[in-house]
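Undergrad: Please see the structure below; I have some questions.
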Amino acid sequence: MSGEATTTPAGPGEAAEPGAAGGTPMVEIRGLRKSFGPVEVLRGIDLDVAGGEVVCVIGPSGSGKSTLLRCVNLLEEPTAGRVRIAGTEVTDPECDIDAVRRRIGMVFQQFNLFPHLSAQDNVAIAPRKVLRRPKHEAARIAREHLGRVGLGDRAGAYPAQLSGGQQQRVAIARALAMGPAVMLFDEPTSALDPELVGDVLGVMRKLALDGMTMLVVTHEMSFARDVADRVVFMDDGVIVEQGPPAKLIGDPSHDRTRAFLSRVLHPTATATQDGS
Amino acid sequence: MSVSGTTETSRPSEAPRRRLTRRQRHRLVLGGEYTVFLAVLLALVLLADWGTVRLNLANWDVAKQLFPDIITVGLRNTVLYTLLAYAFGLVVGVIVAMMRLSSVPPYRWFAMAFVEIFRGLPALLIIIFVGFGIPFAFSIEIPGGVVGQITLALGMVAAGYMAETVRAGIEAVPRGQLEAARSLGMSYGRAMRSIIIPQAFRIIIPPLTNELILLFKDSSLVLFLAVTLEQRELTKFGRDLTGQVGNTTPIVVAGLCYLLITIPLGYLVRRLEARQRRGLR
């Protein structure tokens, strides 16, 4: 895969590509609004993610975190506002969204692996059908990325034969195989049994160390604290505050942030407080 | 069958000997059912005119004359017409299903009308319409002669049902599958072809096999078309020979030929459904 000028299928740590250079943010969100019928879920979001930066989005359920993420690769059509990826405006009606999505990996809460394909074919199908790689090369890319998430030995297994944690790691490999410039994670560990969460977070941690640009919606505060360069707190469709994890999680300046964090970090304590 | 009269009045502790145990009651019911069964069977054996049955329905000499033509002409053509119509119906059915799911309203309207018409009309009427109505009205020949007419008519009947089955299968694939495919940069058409439709077909293999059985039987309706001797399928073959030899045995043998195909297919459907319930792929 060396020497490819465009959409390179992915050695580790290739996040800093030409579009990201020169101060242009990898992800640039301006005035983003999204309504579902009469309900306005996003009420004017401005957010930048620089190349190589890891941004975690936290907030109560229903605050619009997932919708924000889904607007970045246009799985949801924004009602108003602009989204740019490495300088390309995806909200422009003239934009070739399929081409941009090749550069944006996405990992879903429910994994969404293709159940009729083996782990290897799950990872290989997009390089084959979208990037038009020859079959054997797509298979090699798939094995390489499965190895990267620690599943080199499960290439032939079908999703139903894998644990939730393994499935989610295959899903990460599937996204990485397209050589994305940015990765979106939509509560990647929320559907997992607690003992399987660590494996998935470990893979994401490694990815962050390799320099991948990541926008992560998560409830894992320890991951946000340890891995994120910046944490964004959302509530009720707006960004309430953002900052370095130590500051935002350790010493939030906003009441709503404080209330949310105390609920998440000390759930039992809050319950007794409410009860008294 | 019921012995509840005694149980209601008697207290459990008072009269244990008069009460039937559950096992005794079960035996009594079973015994009664077998008695009725054997009585009906005996009446049938004694009252039936076995000589006539043997002579007219299961006449071995007549049956022997039917072979090998009933297989090489009758069964062969039945299978041929069924498969041609099925293939035609499947292609049209998938196209109509995609139109039904289109975001362009006129396509949806057309697909809904198509399904209502071909599912709502009797197969025989469509066969007569294609075989006689269209050639009569427009003075044109349908390409492929009688076989072409059969494929078109039976195929449209099958397409009406299969369009709905395919649509249901596509809608049964979880929404996240399309989102995952699109997020990898696949176009809508590519995602449909590589991800959604293969899964939809796994879901609908049992109903599609059922449709094959139905079509196999409906192929008998082409006996109303102007087929040549070599183009006769099982039912017409059986009916013609019954007329020729003055004996009902050919119809019985033709019926057995149908069962030869439909029973294994029915078994296959049950196997596929059981496998699907177990969630194996």
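Undergrad: Measuring from a point 7 Å past the Cα of B:A63 along Cα-to-C-beta, which residues in region B:229-258 have an amide N at less than 20 Å?
TA: B:234-258, by backbone N distance to the label point.
Undergrad: Here's a follow-up. Once you sort the root eigenvalues of the Cα gyration tensor of region B:29-104 as a ≥ b ≥ c, which label holds: rounded (a/c under 1.5), prolate (a/b larger than b/c) or oblate (the other case)? All intermediate terms of the calculation are to be shown ahead of the outcome.
TA: Working: a/c = 6.02, a/b = 1.66, b/c = 3.63.
Taking the square roots of the gyration eigenvalues as a ≥ b ≥ c, region B:29-104 is oblate.
Undergrad: Let me ask something else about it. Find the relative contact order for region A:70-191 and round it to a whole percent, using C-alpha pairs within less than 8 Å whose residues are 6+ positions apart. Present the calculation step by step, with values, prior to reporting the outcome.
TA: Details: 173 pairs, mean separation 40.9, N = 122.
Answer for region A:70-191 is 34 percent.
Undergrad: Which pairs break 30 Å Cα to Cα here: A:K135/A:K206; A:K129/B:K217; A:K34/A:K129; A:K34/A:K206?
TA: Too far apart for the 30 Å limit: A:K129/B:K217; A:K34/A:K129; A:K34/A:K206.
Undergrad: Add -39500 (n - 2.57) for each DSSP H run of 4 or more in the protein assembly as shown, then divide by its residues: what number comes out at 222 nm, to the nearest 500 deg cm²/dmol?
TA: Computed mean residue ellipticity for the protein assembly as shown: -17000 deg cm²/dmol.
Undergrad: Right, something else. Work out the FRET efficiency for B:N56 and B:L214 from their Cβ-Cβ distance, taking R0 = 41 Å, and round it to the nearest 0.05.
TA: Numbers: r = 30 Å, r/R0 = 0.73.
That gives a FRET efficiency of 0.85.
Undergrad: Between B:W109 and A:H136, how many nm apart are label points set 7 Å from Cα along the C-beta direction?
TA: 5.5
Undergrad: Also: Counting only Cα, what are the radius of gyration and maximum Cα-Cα distance Dmax of region A:138-236, in Å?
TA: 13.7, 45
Undergrad: Please order B:I95, B:I197 by the number of other Cβ within 10 Å, starting at the fewest. Don't skip to the answer; put the middle values down first.
TA: Details: B:I95 15, B:I197 18.
Going from least to most buried by this count: B:I95, B:I197.
Undergrad: Say R0 is 25 Å: what FRET efficiency, to the nearest 0.05, do A:E195 and B:R277 get from their beta-carbon distance?
TA: Numbers: r = 30 Å, r/R0 = 1.19.
Once rounded, the FRET efficiency stands at 0.25.
Undergrad: Still on this structure: Using Cα pairs under 8 angstrom and six or more residues apart, how large is the relative contact order of region A:138-214, in percent? Show your work: numbers first, answer last.
TA: On the way: 56 pairs, mean separation 24.5, N = 77.
Relative contact order here is 32 percent.
Undergrad: Evaluate the relative contact order of chain A (contact order divided by residue number), counting alpha-carbon pairs under 8 angstrom at least 6 apart; express in whole percent.
TA: Details: 530 pairs, mean separation 69.9, N = 276.
It rounds to 25 percent for chain A.
Undergrad: Quick check on the exposure proxy: order A:D193, A:D96, B:D69 from fewest to most C-beta atoms within 10 angstrom.
TA: Details: A:D193 10, A:D96 13, B:D69 16.
The order, fewest Cβ neighbours first, is A:D193, A:D96, B:D69.
Undergrad: Next up: In square nanometres, what is the average projected area of the Cα convex hull of region A:181-261? The partial results should precede the final answer.
TA: Details: hull surface 23.0 nm².
Dividing the Cα hull surface by four gives the mean projection, 5.7 nm².
Undergrad: Separate question: Once you have a ≥ b ≥ c as the square roots of the Cα gyration tensor eigenvalues for chain B, tell me rounded if a/c is under 1.5, and otherwise prolate or oblate according to whether a/b is larger than b/c.
TA: Numbers: a/c = 2.79, a/b = 1.23, b/c = 2.26.
Oblate.
Undergrad: Could I ask something else about it? Relative to the compact-globule scaling 2.2 N^0.38 Å, provide the ratio for the alpha-carbon radius of gyration of the protein assembly as shown. List each step's numbers first, then the result.
TA: Numbers: Rg = 33.7 Å, N = 557, 2.2 N^0.38 = 24.3 Å.
Normalised by 2.2 N^0.38 Å, the Cα Rg of the protein assembly as shown equals 1.39.
Undergrad: Work out, step by step, the length gained on full extension between A:K206 and A:H254: first 0.36 nm times the residue separation, then minus their alpha carbon distance; give nm to one decimal. Kindly include the intermediate steps, with their values, before the conclusion.
TA: Working: separation 48, 0.36 × 48 = 17.28 nm, distance 3.16 nm.
Answer, rounded to one decimal: 14.1 nm.
Undergrad: Residue by residue, what Karplus-based ³J(HN,Hα) values in Hz, rounded to whole numbers, does region A:67-75 have, using 6.51, -1.76 and 1.60 with θ = phi - 60° and x for Gly and Pro?
TA: Those phi angles translate into 4, 4, 4, 6, 7, 5, 9, 6, 5 Hz.
Undergrad: Right, next: Based on DSSP loop calls and a cut-off of at most 15 other Cβ atoms within 10 Å, the longest stretch of chain B free of exposed GluC sites (Glu not before Pro) is what? Please list the in-between numbers first.
TA: Numbers: sites that count: B:E14, B:E141.
After excluding every exposed loop site, the longest remaining stretch is B:142-281.
Undergrad: Among B:T21, B:T235, B:T35, which one shows the highest mean-square fluctuation when chain B is modelled as a Gaussian network with alpha-carbon springs under 10 Å?
TA: The residue that fluctuates most here is B:T21.
Undergrad: To make sure I understand, if each residue's beta carbon is the centre and we count other beta carbons within 10 Å, what order do A:K247, A:K65 fall in, fewest to most? Don't skip to the answer; put the middle values down first.
TA: Values: A:K247 14, A:K65 27.
Ascending Cβ contact count within 10 Å gives the list A:K247, A:K65.
Undergrad: For a test of the definition: using alpha carbon positions, the gyration tensor, and the 1.5 limit on a/c, classify region B:62-176 as rounded, prolate or oblate.
TA: Working: a/c = 3.05, a/b = 1.64, b/c = 1.87.
Verdict is oblate for region B:62-176.
Each reported figure results from applying straightforward, stated rules to the coordinates on display, with no laboratory input. Predicted, not measured: the structure shown is a model, and the values here were computed from it. No Cβ is skipped: glycine too gets one built from the backbone with ideal geometry, and neighbour counts run over all protein chains shown.
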